[in-house]
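Asks: A single structure is presented below for examination.
The values are calculated or read from the model by the stated rules, or taken from the named source; none is laboratory data. As the structure is a prediction and not an experimental result, all values here were calculated from the model. A quick note on method: Cβ atoms are made from the backbone with ideal geometry, for glycine too, and the neighbour counts reach across all protein chains shown.
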Amino acid sequence: MENLAHWFLRLSRPKKALITMSADVFFTVFSLWLAFSLRLGEFYVPKDRVWIFFLVAPCIVIPIFIRMGLYRAIIRYIGVRALATITQAVTLYAVIFAALVFQLRLGLVPRTVPPLNWLLMLFFASGSRFMARWWFGDLYARLTANTEQENTRRKNVIIYGAGSAGAQLAAALTNGREYRPVAFVDDDSKLHKQKINGIRIYPLSALTYLIERHKAADLLLAIPSATRARRSEIITRLESYPVHVRTMPGMADMAQGKVTFDELQEVDIADLLGRDAVTPDPQLLMANISGKVVMVTGAGGSIGSELCRQIIALKPSALILFEMNEFALYDLEKELLCSLTRLNKQLRIIPVLGSVLNQQRVEKICTVFGVQTIYHAAAYKHVPMVEKNPGEAVLNNVFGTLSLAKAAIQCKVETFVLISTDKAVRPTNTMGATKRFAELILQALSVDHVDKHKTRFTMVRFGNVLGSSGSVVPLFREQIARGGPVTVTDSRIIRYFMTIPEASQLVIQAGALGRGGDVFVLDMGEPVRILDLARRMIHLSGLTEKNNIQPSGDIEIVFTGLRPGEKLYEELLIGENVSETTHPRIMRAQEEIVPWKILNQKLQELEKATLSDDYIQVRKIFKEVVSGFAPQCSIEDWIWTESTAKLSGIKEVKIRKLNQIN
């Protein structure tokens, strides 16, 4: 039998299809003969011209089966859906055959023969395929198992969720080479003790027993329809078990039996937050985008690229991608064009290389293309990196925003939305100070120049986004994969988190709510302690924390200390004056504004200090203008510190020489 399986499995697809066709020809003739025999109650021998039906029947069946795709399916992977296709094909054959029989009236054919023929043909066509699926699937599994034992043993896994998704996942894994599903776990008590494809369903309380019995180190979540809050609840319950929790991949890949170890996904950290996104308001989403020319600065970044993805779905007349990183711009354009092709949409996408500091170029872009809405996401945001390069951050974040705002006013852009940050509130670092300065510029232009232009400036302030460049989540994953240690700056540090898609949707909606000079803050939910996040990620990887209590653990958490300019706690409001908007997750902050006359003078001083690398003066200006600015570290600029060190060295040498002379 195994030799036969080897022989059949090694055949080419056309040869396998030819063998299957031959079997169907036999079953067609046999079903018709058996229908006559059962109806007449005797061993039937065709007489006269009835032989014609036995010749015609296969000529009807084979073209129908080919057209319905029954010879393209891989038999050992066919499922319940194939039965519906077989039923449709056999029914079509039976109808055509019956019409032919009663139309030609060749010989005496009892009326019950055609329905009997349909029933028997359905039995043989479907039964033979499912029998072959069982036979070849079992032999194939045993044959591949021998190969796997030589290379690597399949891992026993438990599937959480015994619904249709779980059943499809189990079927795909059974035919794969990495995992062997050994049990289902489900909360529905009605399903307990039942089986799906021979795999038993257990309650969650039996998980410890299942892990020990089957030596299972992995658990796969198959609950795609569950809300994020429900997924968070389940994941929390699973944290105490010594299993690596993963989630199922796309349904299309599973249905085709393509699931492999590498395609299974880690638990989405957004599920740990346990907060479902609020359904967006379509009117707010479309207000500044639909039918308009939209430009996104910093389009290649985490937030900028997600804004672009959501904007193309809102039918702008054109989308301008403004980015100074050539590869990021190329990559984003390629992705968006592929998305448009897949969605069969027509949209003009214009990728433009450039810097927001080049006001003349920005004005030309806005004039030539008639830009109506700008989402300003371009900024240097990485706190430690900005501390080491404060001059570039001041130029890009402050003066880049100023030149972009002036260009928007000059070109009569309707809406200008600044992507700000919670680090702008009582900042302790240069990055936060520059972003608050950018907010003050737009606020001053809105209040003091309200009669001189029609551009509506809006600022949206929010915290960390999951998966962004510089986020702790990908860093922790990388460190866990390497075997640790996981680095946390301080055991007390907390952060607000939000998913990039949700943040981008709220930015678009907040921009539509702005009246001019508004600072909006997003409801980020409950803050997350970074230490707890690290521990949860370790546990969900099926590993244990190595510490004094458990010295034999897998992954150690090391505290590295706060980085230059880093806060323990982030805030979203400078004061307590905040009002609600029509959106439950968007609030309007009422904050002090620096008049343009004063701010403009300080901008001139700031530019002079920045260009001369006078960072002592830069900090002095920040303290005068930015409310609550209190730097937590000394000046960290690479060039400034190196120059200062050399000057100090020269002074020390001169002092020593003077001492020697004296």
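Asks: Confirm whether Ala216 is at pLDDT below 80, part of a loop (DSSP other than H, G, I, E, B) and either assigned by TED's automatic domain parsing to the domain that holds Gly166 or under 23 Å from Gly176 (Cβ atoms) (or both). Spell out the reasoning first.
Replies: Working: at pLDDT below 80: no; part of a loop (DSSP other than H, G, I, E, B): yes; either assigned by TED's automatic domain parsing to the domain that holds Gly166 or under 23 Å from Gly176 (Cβ atoms) (or both): yes.
In short, no.
Asks: On to the next question. Checking the condition out of contact with any strand residue (DSSP E or B) (no Cβ under 7 Å at 6 or more places or on another chain) and touching a residue at least 24 places away in the same chain (Cβ under 8 Å), which residue from Arg436, Arg477 passes?
Replies: Arg436
Asks: Between a first residue in region 155-184 that is outside any helix (DSSP H, G or I) and a second residue that is acidic (Asp, Glu), which pairs have beta carbons less than 7 Å apart while being 6 or more apart in sequence or on different chains?
Replies: Short answer, once both residue conditions are applied: Lys155/Glu178; Lys155/Asp218; Val157/Asp218; Gly161/Asp186; Ala162/Asp186; Arg177/Glu148.
Asks: OK, next. Are any residues in region 178-195 over 30 Å from the mean Cα position of the chain (by Cα), more than 16 Å from Ile234 (Cβ to Cβ) and not polar (S, T, N, Q), and if so, which ones?
Replies: Result: Lys190, His192, Lys193, Lys195.
Asks: Restricting attention to region 513-567, which residues are over 20 Å from Pro242 (Cβ atoms), surrounded by 14 or more Cβ atoms within 10 Å (Cβ to Cβ) and of a type in the set (A, V, I, L, M)?
Replies: Leu513, Val519, Val521, Leu522, Met524, Val528, Ile530, Leu531, Leu562
Asks: Within region 219-250, how many residues turn out to be touching a strand residue (DSSP E or B) at 6+ places or on another chain (Cβ under 8 Å) and either at positive phi or basic (Lys, Arg) (or both)?
Replies: Within region 219-250, residues that are touching a strand residue (DSSP E or B) at 6+ places or on another chain (Cβ under 8 Å) and either at positive phi or basic (Lys, Arg) (or both) number 2.
Asks: Could I ask something else about it? Restricting attention to region 481-500, report how many residues are over 30 Å from Pro280 (Cβ atoms) and part of a helix (DSSP H, G or I).
Replies: Residues in region 481-500 being over 30 Å from Pro280 (Cβ atoms) and part of a helix (DSSP H, G or I): 1 in total.
Asks: I'd like to check which helices (runs of 4 or more DSSP H) are fully inside region 1-106 and have at least 2 residues that are surrounded by fewer than 14 Cβ atoms within 10 Å (Cβ to Cβ) and at pLDDT 80 or above.
Replies: 13-40, 51-67, 80-104
Asks: Restricting attention to strands (runs of 3 or more DSSP E) lying wholly within region 276-369, give those where 1 or more residues are modelled with pLDDT of 90 or more and over 26 Å from Gly514 (Cβ atoms).
Replies: 348-353
Asks: Follow-up question, since we're still on this one. Within the set of pairs 6 or more residues apart or between chains, which connect a residue that is small (Gly, Ala, Ser) inside region 222-247 to a residue that is at pLDDT below 80 and not in a helix (DSSP H, G or I) with Cβ atoms less than 6 Å apart?
Replies: Ala222/Met248; Ala229/Gly274; Ala229/Asp276; Ser232/Gly274
Asks: With respect to Tyr375, is the statement that it is surrounded by 21 or more Cβ atoms within 10 Å (Cβ to Cβ) and closer than 19 Å to Glu607 by Cβ true?
Replies: For Tyr375, the condition - surrounded by 21 or more Cβ atoms within 10 Å (Cβ to Cβ) and closer than 19 Å to Glu607 by Cβ - is not met.
Asks: Of all residues in region 501-557, count the ones that are among the basic types (Lys, Arg), outside any helix (DSSP H, G or I) and without any contact (Cβ under 8 Å) to a residue 60 or more places away in the chain.
Replies: 2
Asks: Quick one: Val447 ticks every box in (1) surrounded by fewer than 24 Cβ atoms within 10 Å (Cβ to Cβ); (2) hydrophobic (A, V, I, L, M, F, W, C); (3) within 30 Å of the chain's Cα centre (by Cα) except a single one, so which number is it?
Replies: It fails just one condition, (3).
Asks: Here's a follow-up. Among the numbered criteria (1) at pLDDT 85 or above; (2) under 17 Å from Phe520 (Cα atoms); (3) in contact with a Ser or Thr (Cβ under 7 Å, 6 or more places away or on another chain), which one does Asn464 miss?
Replies: (1)
Asks: While we're on this one: Mind listing whichever residues of region 342-372 are surrounded by fewer than 16 Cβ atoms within 10 Å (Cβ to Cβ) and touching a residue at least 40 places away in the same chain (Cβ under 8 Å)?
Replies: Of everything in region 342-372, those that are surrounded by fewer than 16 Cβ atoms within 10 Å (Cβ to Cβ) and touching a residue at least 40 places away in the same chain (Cβ under 8 Å) turn out to be Thr367, Gly370.
Table: residues versus (1) touching a helix residue (DSSP H, G or I) at 6+ places or on another chain (Cβ under 9 Å); (2) assigned by TED's automatic domain parsing to the domain that holds Ile593; (3) more than 30 Å from Ala287 (Cβ to Cβ).
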{"site": "Phe476", "(1), (2), (3)": "yes, no, yes"}
{"site": "Ala510", "(1), (2), (3)": "yes, yes, no"}
{"site": "Leu543", "(1), (2), (3)": "yes, no, yes"}
{"site": "Gly561", "(1), (2), (3)": "no, no, yes"}
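Asks: Another question about this same structure. Select from region 196-221 the residues that are of a type in the set (A, V, I, L, M, F, W, C) and free of Cβ contacts under 8 Å to residues at least 60 places away in the same chain and write down the one among them that is farthest from Gly542 (Cα to Cα). Quick ask: steps written out before the conclusion?
Replies: Let us first name the residues in region 196-221 that are of a type in the set (A, V, I, L, M, F, W, C), namely 196, 199, 201, 204, 206-207, 210-211, 216-217, 219-221.
Retained after the next criterion (residues that are free of Cβ contacts under 8 Å to residues at least 60 places away in the same chain): 196, 199, 201, 204, 206-207, 210-211.
Details: Ile196: 26, Ile199: 23, Ile201: 22, Leu204: 17, Ala206: 18, Leu207: 14, Leu210: 15, Ile211: 12 Å.
Result: Ile196.
Asks: Looking only at residues that are in contact with a Ser or Thr (Cβ under 6 Å, 6 or more places away or on another chain), small (Gly, Ala, Ser) and over 30 Å from Ile593 (Cα atoms) in region 467-512, which one is surrounded by the most Cβ atoms within 10 Å (Cβ to Cβ)?
Replies: Looking at the filtered set, the residue picked out is Ser468.
Asks: Of all residues in region 432-461, which are farther than 24 Å from Val383 by Cβ and touching a Leu at 6+ places or on another chain (Cβ under 6 Å)?
Replies: Filtering region 432-461 for residues farther than 24 Å from Val383 by Cβ gives 444-458.
Once the filter is applied, which keeps residues that are farther than 24 Å from Val383 by Cβ and touching a Leu at 6+ places or on another chain (Cβ under 6 Å), region 432-461 yields Ala444, Phe457.
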